[in-house]
Every structure is written in structure tokens, then in C-alpha cells.
Amino acid sequence: MQLKVYSSELEAKGVSLQRELRRVVLVVLPGTSSLEISLTIQALKAANAVSGYAAFHWRIATLSGEPIDLEDGFVLQPKMKAGDDEAIDLALVFGEWGVDTGNLPNFSNWLKRLDRHGVYLGAIGGACYELANANLLDGYQCTVSQAYRDSFQELFPTVEIRDALFSWDRKRITCTGRAACLDMIINVIEHQCGTEVARQVAEEFNHDVRSGASIPLRQRNLTLQKMSGKLAEAVRIMEENLEIPLSAEEIAVESGSSKRQIERLFSYHLSCSPKRYYKRLRLKRARSLLRQTALPVSEVAVACGFSSFSHFSRVYRGCYGSTPREDRMALSA
């Protein structure tokens, strides 16, 4: 079954398009939030109402074509099965990190066919994993939720992660999910229908039209920033150098402070030494990688700056009460 090819009412209205994104398929994977789906559909409906013509036609698809349970208890009734249709302008994939699609090879092949046909591909929330796993984000910028940013970066080093709520890089649109879907879809509406329609749609949601580049993902270390700018800068440097830890002297130089000043700031505000805080950051990343990826424990240790596996296992247990392997096994049990 293919989507209907609709008459071009846009040309009659004198609207100039860079690329039509009229035929939209929302591919919903298990575990998706109903908020993301609802915001996207309501914004598309509003765009049609404001513009006065059918600017968008959308259908909802699941991997099997069968109803699925959403994250918050709602049951979604799809109109098609992913893979049954390739007469599409934009395919938006919704999902959560770590949810087994159960049909990955067929799904990946379908996405690749769409890409070869020039279809724009989007990923919302954890669905960025599906596009990256199909090598469809290689060489592209994308946005990733902070919750699994470290894991994503470790698994897909050729993908450039942007610090924003959503990113539009050529034929790829990625979004951190939840309320950020509204920013993303309003920009799609602006692309398709123009700035004035997008502005009116945004007003209906009491929202502003903002480009992805103008929306930082979050102000990093906001609580630390309130304590001390120098402290926040030192922690930022630590977070960006977890695989090959820096010495206290190197952190001080990078942050424009002295070693003694950094030690005083950590002691006063965080009641610990810089070295202890740094180790805590590395262990936190290690736990994230263990729980969100299938990387061997030895590789996780190296990725988090531990050259000795036995040392890594010992300090991990001291922090979390179980060894890395025990922690991973408990999660999968």
C-alpha cells in the first residue's frame, strides 16, 4: 500500500518550497511517550488549520502494524506497518533507548531505502540509536538526550553530537524528545508552510519559533555555576576528559586557576577532593555504559580512564556495592 499522491495546492497559493515535506509517517517504536506523538500530531493539525489547506498528511506506523502500548499506558492504533510504504517525504521515528525493536534488520533496510529515495529521516528521543545503528547518522550532526549521551558517543564515535534540543542537518532531523518535539515540528512547519504559519501555530501552543541552534540543551553544571564559576569550569573539564584523566595541575591550568584554589573550592562546596570527585564522574559514566550498552566490561573500564580492570572492579564495588558484572547481570535479570 502506498500513500496517496495529493494535489499541489501550495503552488496555487504561491508558496515556494525548498523541498516538500508533506507526506509524513510517524514510526512509533515500543516505549514511546504519548506526549511526543500528541505534540507532533496536534502541531501538524494546527498547521493545516492555520494555512487553510492540507499542508501535511500523516500516518502512524508500527514495526508490526499492530497496536502497541506506549510508555505511559496509552494504546496506539497504527494505520500501517513500517516498510509497507515508500511514498514518503519525511519519516519520523519515535522511541526510547534500549527498547528491543524485534525487527531491526528489516526496519534498518527500510530506512536505508527511504534515504536512497531522498526521504528526510528524523529520530526523536532514543530512536536516534536506530538511525545510528543503520549508519544513517554517520557524518551528520544530531542531538541526544543527556541521559544516554555518553553511551551514544561511545557506540557511535563518527556521529557529531550537538548541545541543543533538536538538530536539522541536511536530510536528518533529530530531537531529544518530550517537549522538544514541539520545537522540532514547528521548524518543519516553517520549512513547509513559511514563517507566518509557523508563528501562528507556535502561538496556539504559547510557544516561540526557535531554531535548533538557538536552544541549548541545558546550561551545564548550573548548580555548580551558582556556587563558583571556577568550580563549574573545573568540573566541565573533568567531564570532557574521562577517558584519559587529567592531573590536578592540568585541570587548574585549563580552568585558569591554581591547584590550591581548585582544591579549596572542591573542599568548601563539595566536601571532597578534586581527585575523589573526578573518580565519581568516571564511575558514573561507567555505570551508564554498563546499563545502556553491550560493551565488554574491560572496554568500559578503559573508556572511563581505568587502565587496570581489577582496580576498576574494586572501586566500582566500593561505590555501588556490586562489581560491574554483577550490576549488569542484575539489570538484565
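Just so it is clear, none of the values below were taken in a lab; they were calculated from the coordinates. It should be emphasised that the depicted structure is a prediction, and the values quoted were computed from it without experimental measurement. Because the Cβ atoms are built from the backbone with ideal geometry, glycine has one as well, and the counts that use them run over all protein chains shown.
A few points about this structure:
- Evaluating 6.51 cos²θ - 1.76 cosθ + 1.60 at θ = phi - 60° for every residue in the range 284-298, the Karplus couplings come out as 5, 5, 4, 5, 5, 5, 5, 8, 10, 9, 9, 4, x, 4, 4 Hz, glycine and proline recorded as x.
- Think of it as helices only: each DSSP H run of n ≥ 4 in the chain is worth -39500 (n - 2.57), and spread over all residues that comes to -14000 deg cm²/dmol at 222 nm.
- Taking a straight Cα-Cα cut-off under 29 Å and skipping sequence neighbours fewer than 8 places away in the same chain, the lysines within cross-link reach of residue 45 are 4, 13, 79, 81, 112, 171.
- Label assignment, Cα extents along the principal axes in Å derived from the structure, set [x] 64, 49, 49; [y] 76, 65, 46; [z] 70, 41, 35: [z]
- For residue 27, residues with placed amide H under 5 Å, excluding near neighbours: 61, 92, 93, 94
- Dipole magnitude (debye, nearest 20) for the chain, charges at Cβ of Lys, Arg, Asp, Glu: 1080
- Counting only residues at least eight positions apart within a chain, or on another chain, the aspartates and glutamates with an alpha carbon under 19 Å from that of residue 275 are 233, 239, 240, 243, 249, 250, 254, 263.
- Selected from 185, 262, 124 as most flexible by GNM, with the chain as the system and alpha-carbon contacts under 10 Å: 262
- Using 0.36 nm per residue and subtracting the Cα-Cα separation, the extra length available between residue 178 and residue 272 on full extension is 30.3 nm.
- Here the range 231-271 is assigned +1 on the Cβ of each Lys and Arg and -1 on the Cβ of each Asp and Glu. Its dipole about the Cα centre then comes out at about 280 debye.
- Taking the C-alpha atoms only, the angle from helix 104-116 to the longest principal axis of the chain is near 60 degrees.
- Prolate is the label for the range 275-333, because the ratio a/c of its alpha-carbon gyration tensor axes (a ≥ b ≥ c) is 1.5 or higher and a/b is greater than b/c.
- Summed side-chain charge close to residue 290 - residues other than residue 290 whose Cβ falls under 14 Å, Lys, Arg +1, Asp, Glu -1: +3
- Net charge of the neighbourhood of residue 142, taken over other residues with C-beta under 10 Å away and scored Lys/Arg +1, Asp/Glu -1, is 0.
- Of the residues 75, 194, 58, the one whose Cα sits farthest toward the positive end of the charge dipole of the range 9-214, with +1 on the Cβ of Lys and Arg and -1 on the Cβ of Asp and Glu, is 194.
- A Förster radius of 51 Å combined with the Cβ-Cβ distance from residue 323 to residue 87 puts the calculated FRET efficiency at roughly 0.45.
- In nm, spacing of pseudo-spin labels at residue 291 and residue 59 (7 Å Cα→C-beta vector): 3.9
- Mean separation of Cα contacts under 8 Å (6+ apart) over length of the chain, as relative contact order %: 14
- Cut-off 20 Å (backbone N to label point 7 Å along Cα→Cβ of residue 160), residues of the range 126-144: 128-129, 131-144
- Spin-label model, residue 169/residue 309: points 7 Å from Cα along the beta carbon direction are separated by 3.4 nm.
- Given +1 at the Cβ of Lys and Arg, -1 at the Cβ of Asp and Glu and no other charges, the dipole of the range 230-333 around its Cα centre is 420 debye to the nearest 20.
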